[in-house]
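Any read-out appearing in this document is the output of simple, stated calculations on the displayed coordinates, not a laboratory observation. Quick caveat: nothing in here was measured; it's all calculated off a predicted structure. Note: ideal-geometry Cβ built from the backbone for every residue, glycine included; neighbour counts use all protein chains shown.
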Amino acid sequence: MPSTDKDAIFARICELLKPYNPKNRPITMQSGIVSDLEVDSVAVFDLVMRLEDHYDISIPMEMISDIKTVGELIAAIRQLAAE
């Protein structure tokens, strides 16, 4: 099982966001995935699927719609991986 350490998850998300961040905006815990990084809904779906596969979790659709920032995404992954 991959590490569910906050920094490890953050690094993984940053890696997966690279192709969707052509303007190379800095990514922080407070970065809005759609608002700040301008990641479109199709890319968000792809990102979520790749994270689900990587961490062997399932992120419910209603949870995805509530996640706005990178930090919230990390919290959701850690919560689901711990269950």
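Net length available on complete extension from residue 78 to residue 20 is 18.6 nm, with 0.36 nm assigned per residue and the Cα-Cα distance removed.
Check cross-link reach from residue 68 to the aspartates and glutamates: straight Cα distance under 16 Å, and skip same-chain residues fewer than eight apart. Straight-line reach from residue 68, under 16 Å: 36, 38, 40, 46. Legend: ranking of residues 20, 55 from fewest to most surrounding C-beta atoms inside 10 Å; resulting order 20, 55. The percentage of C-alpha pairs in segment 6-82 whose separation is greater than 19 Å is 24%.
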